[in-house]
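The values are calculated or read from the model by the stated rules, or taken from the named source; none is laboratory data. On a predicted model such as this, the values are computed, not experimentally measured, just so you know. Positions of Cβ are backbone-derived with ideal geometry, glycine not excepted, and every protein chain shown enters the neighbour counts.
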Amino acid sequence: MEAVAVTETRRWVEHFVVGLNLCPFARNPFRSGRIKYVLYEGEDIVELARQLITEAHWLSQQPAGEVETTLLIHPRALPDFYDYLDFMEEAELLIRENGLEGIVQVASFHPDYQFAGTEPDAPENYTNRSPYPMLHLLREEILEQALEHYDNPELIPEQNIEKMNELGHEGIQKLWRKVRGTEA
């Protein structure tokens, strides 16, 4: 599972996040190898929480030029999207309780991600859909630096929704086949 989950996550970053420019700040860390991919293969959410805090502390202590962000991939833990959302609230609380608020933030990606008020298969949900449930740990100082040099960052979510709607179901599925390594 490890090789597959990490490989498909890297492809997802390459084809969706960077390829579609869903995150305009991801291209440089991706190309320069400053994204850490961590796999938690268990199902226990208590252990996942421990791993989250361990990785958040580790990330906060690394030089920015070496590692900018961590993707904590957990294929077997929190496969249900609503359980995952509940865990995200816990993750934010853990970040605060461990003195990491303002240093590390957690962004959410899940294979069944669904924005409130949307249909399950709406293209816009794919802005936050990943091949596996994952927690994206971001160093806030790096994010703040990137935002200083980007005009109108508040428009990014709206622009991403437009991209996904333009791509449509067929285009999205074509990219997913690249992520899964099944495209001929």
Handout entry: Enumeration of residues in the range 138-183 that are outside any helix (DSSP H, G or I) and within 17 Å of residue 8 (Cβ to Cβ)
Key = 181, 182, 183
Completion exercise
With the first residue restricted to the range 71-96 and required to be touching a residue at least 60 places away in the same chain (Cβ under 8 Å) and on the phi < 0 side of the Ramachandran plot, and the second required to be among the polar types (S, T, N, Q) and not in a loop (DSSP other than H, G, I, E, B), Cβ contacts under 9 Å at 6 or more apart or on different chains are 71/9; 72/51; 73/9; 74/51
Practice task
Starting from the range 113-139, take each residue that is under 22 Å from residue 36 (Cβ atoms) and touching a residue at least 40 places away in the same chain (Cβ under 8 Å) and list its partners that are hydrophobic (A, V, I, L, M, F, W, C) and surrounded by fewer than 17 Cβ atoms within 10 Å (Cβ to Cβ), counting only C-beta distances under 7 angstrom and pairs at least six apart or across chains.
Solution key: 136/107; 138/107; 139/64
Exercise for the section: Kindly state which helices (runs of 4 or more DSSP H) lie completely within the range 1-104 and contain at least 3 residues that are at pLDDT 95 or above. Expected result: 2-12, 45-60, 81-97
Exercise for the section: Output yes when any residue across the range 173-183 is without any contact (Cβ under 8 Å) to a residue 12 or more places away in the chain and in contact with an Asp or Glu (Cβ under 6 Å, 6 or more places away or on another chain), and no when none is. Expected result: yes
Fill in the blank from the handout: The lone condition residue 71 fails out of (1) surrounded by fewer than 17 Cβ atoms within 10 Å (Cβ to Cβ); (2) touching a His at 6+ places or on another chain (Cβ under 7 Å); (3) not charged (D, E, K, R) is (1)
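So, of the residues in the range 108-131 that are outside any loop (DSSP other than H, G, I, E, B) and touching a His at 6+ places or on another chain (Cβ under 9 Å), which turns out to be surrounded by the most Cβ atoms within 10 Å (Cβ to Cβ)? Step through it out loud before you land on a result.
Here is the first cut: in the range 108-131, the residues outside any loop (DSSP other than H, G, I, E, B) are 108-109, 123-127.
Then keep just the ones that are touching a His at 6+ places or on another chain (Cβ under 9 Å); that gives 108-109, 123.
Details: 108: 17, 109: 22, 123: 19.
The residue in question is 109.
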Handout entry: Selection within the range 19-53 - of a type in the set (Ser, Thr, Tyr) and either farther than 14 Å from residue 68 by Cα or more than 13 Å from the chain's Cα centre (by Cα) (or both)
Key = 32, 40
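Given the condition over 17 Å from residue 36 (Cβ atoms), in contact with a Phe, Trp or Tyr (Cβ under 6 Å, 6 or more places away or on another chain) and of a type outside the set (Ser, Thr, Tyr), answer yes or no: does some residue in the range 76-86 qualify? Break it down into steps so the answer makes sense when it comes.
Applying the first criterion (over 17 Å from residue 36 (Cβ atoms)) to the range 76-86 yields 76-86.
Next, from what is left, pick out any that are in contact with a Phe, Trp or Tyr (Cβ under 6 Å, 6 or more places away or on another chain): 78.
Among the residues that remain, those that are also of a type outside the set (Ser, Thr, Tyr) are: 78.
Checked the range 76-86: at least one residue is over 17 Å from residue 36 (Cβ atoms), in contact with a Phe, Trp or Tyr (Cβ under 6 Å, 6 or more places away or on another chain) and of a type outside the set (Ser, Thr, Tyr).
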Handout entry: Top-ranked residue of the range 3-51 - restricted to ones that are touching a helix residue (DSSP H, G or I) at 6+ places or on another chain (Cβ under 7 Å) and basic (Lys, Arg), ranked as surrounded by the fewest Cβ atoms within 10 Å (Cβ to Cβ)
Key = 27
